[in-house]
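Asker: Take a look at the following structure, please.
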Amino acid sequence: MVLLGAATVLRNEAYRTEVTLWDATVRESPGKARAYNNLGYAYGLAGRHDEAREAYQAALRLDPQFTLA
């Protein structure tokens, strides 16, 4: 129970904000354009426009046909 509780607390930290959620997703799945796209969107909502642009560019490098990015 203690281990599961600790794992839950750690995972909840990733869900603290949109940026932390998608940053964790990108770290766990660095080859997925959709994760970078969603990270870019979260950065944009947070007013972090330079980081948003970098995330969108990473999405397009992974999948140049990913029109949403």
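Asker: Please identify the pairs in which a residue from segment 45-56 that is closer than 19 Å to Pro30 by Cβ has its Cβ atom under 9 Å from the Cβ atom of a residue that is modelled with pLDDT of 95 or more and outside any helix (DSSP H, G or I), counting only partners at least 6 apart or on another chain.
Answerer: Pairs that qualify, where the first residue is closer than 19 Å to Pro30 by Cβ and the partner is modelled with pLDDT of 95 or more and outside any helix (DSSP H, G or I), are Ala52/Ala46.
Asker: Could you list, in sequence order, all residues of segment 39-56 that are of a type in the set (Gly, Ala, Ser) and either assigned to a loop (DSSP other than H, G, I, E, B) or open to solvent by 100 Å² or more (accessible area, probe 1.4 Å) (or both)?
Answerer: Passing the criteria: Ala46, Gly47.
Asker: Looking at segment 26-38, can you tell me whether even one residue there is under 13 Å from Leu68 (Cβ atoms), in a helix (DSSP H, G or I) and open to solvent by 100 Å² or more (accessible area, probe 1.4 Å)?
Answerer: yes
Asker: What number of residues within segment 57-69 are over 20 Å from Glu28 (Cβ atoms) and not in a helix (DSSP H, G or I)?
Answerer: Adding up the residues that qualify gives 4.
The values are calculated or read from the model by the stated rules, or taken from the named source; none is laboratory data. Not measured: the values here are computed from a predicted model. Neighbour counts run over all protein chains shown; Cβ positions are idealised from the backbone, glycine included. To get the accessible areas, we keep the full protein, side chains included, count just its heavy atoms, and leave off ligands, DNA and RNA. Shrake-Rupley method; radii C 1.70, N 1.55, O 1.52, S 1.80 Å.
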